[in-house]
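The values are calculated or read from the model by the stated rules, or taken from the named source; none is laboratory data. Keep in mind it's a predicted model, so treat the numbers as computed, not measured. Positions of Cβ are generated from backbone atoms using ideal geometry, with glycine treated the same way; all protein chains shown enter the neighbour counts.
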Amino acid sequence: KAGVTQTPRYLIKTRGQQVTLSCSPISGHRSVSWYQQTPGQGLQFLFEYFSETQRNKGNFPGRFSGRQFSNSRSEMNVSTLELGDSALYLCASSLGTGSRYGYTFGSGTRLTVV
Amino acid sequence: LAKTTQPISMDSYEGQEVNITCSHNNIATNDYITWYQQFPSQGPRFIIQGYKTKVTNEVASLFIPADRKSSTLSLPRVSLSDTAVYYCLVGDTNFGNEKLTFGTGTRLTIIP
């Protein structure tokens with residue numbers, strides 16, 4: 001079956017702009033999580049959605065937001081981009097929420113802010 | 001908040017068994033432990049998951065002591081293709097709001 005699909009794979013934006021990233025989970029998976037990965041901070045949890053509701057949220061500013069649609073697809077939005085937002089953004093899907101469920105990750109979106 | 005600690009890096013020769021340990025002193029009763037493998041510019045890939053004692057699949061084994069404050073990922077007979085970063089993931093339950101926390105990761109280098 002198809003894996004987790006993230007689009008676009010690469011993105012270059014200018015400081016101050018906003019960006020929207022998309023994630024299509026594995027069919028049947030209702031939970032979608034987002035992570036930011038940078039060389040300095042490693043993998044940091046952004047938020048998790050389940051059945052269109054945000055269930056968990058990491059320690060990121062309000063410029064980072066997300067949503068989930070009825071078909072479980074999710075989008076992440078970052079407004080007023082800063083240079084420090086340059087990172088690999090990863091999406092993961094699972095059947096449910098919590099550490100008892102194995103998560104399947106996408107290949108990520110590489111965002112570069114210039 | 002649960003915090004996980006792993007060695008930053010490890011080297012091993014091909015064909016050897018590699019054991020990577022993750023420390024998670026504040027693991028909660030309902031939390032599971034999951035290990036992932038990540039290659040450059042790719043998302044982490046699920047390796048194995050456990051709650052207690054020992055779990056084994058076709059690629060690895062996971063050992064969890066009775067107190068569950070640590071876990072050890074065991075890779076048998078490693079090859080060059082096992083060179084990657086390995087992450088330990090533990091649920092982080094705070095006031096019922098479980099946040100999944102990745103460890104710092106262990107960069108494993110397999111030497112021919």
Condition first: modelled with pLDDT under 95, part of a loop (DSSP other than H, G, I, E, B) and either basic (Lys, Arg) or within 15 Å of A:Met76 (Cβ to Cβ) (or both). Now tell me which residues in the stretch A:17-51 satisfy that. A:Arg30
Give the residues of the stretch B:33-47 that are more than 14 Å from A:Leu43 (Cα to Cα) and modelled with pLDDT of 95 or more, sorted by residue number. B:Ile47
Are there any pairs with C-beta distances below 6 angstrom linking a residue in the stretch A:48-77 that is among the basic types (Lys, Arg) to a residue that is surrounded by 16 or more Cβ atoms within 10 Å (Cβ to Cβ), with the two at least 6 apart or on different chains, and if so which? A:Arg55/A:Glu48; A:Arg55/A:Thr97; A:Lys57/A:Phe47; A:Arg63/A:Val78; A:Arg67/A:Glu75; A:Arg73/A:Ser24
Taking A:Leu88, is it more than 8 Å from chain B (Cβ to nearest Cβ), out of contact with any Leu (no Cβ under 7 Å at 6 or more places or on another chain) and crowded, with 16+ Cβ neighbours inside 10 Å? no
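How many residues are part of a loop (DSSP other than H, G, I, E, B) and buried (at least 16 other Cβ atoms within 10 Å of the Cβ) when one looks only at the stretch B:64-77?
Within the stretch B:64-77, residues that are part of a loop (DSSP other than H, G, I, E, B) and buried (at least 16 other Cβ atoms within 10 Å of the Cβ) number 1.
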Those residues of the stretch A:66-97 which are of a type in the set (Gly, Ala, Ser), within 27 Å of A:Ser51 (Cβ to Cβ) and in a loop (DSSP other than H, G, I, E, B), in sequence order: A:Ser70, A:Ser72, A:Ser79, A:Gly96
Being part of a loop (DSSP other than H, G, I, E, B), facing chain B (nearest Cβ under 8 Å) and of a type in the set (D, E, K, R) narrows it down to one residue among A:Arg100, A:Arg110; which is it? A:Arg100
Restricting to the stretch B:34-63, what's the tally of residues that are surrounded by fewer than 16 Cβ atoms within 10 Å (Cβ to Cβ), more than 9 Å from chain A (Cβ to nearest Cβ), of a type outside the set (Phe, Trp, Tyr) and within 20 Å of A:Tyr35 (Cα to Cα)? 1
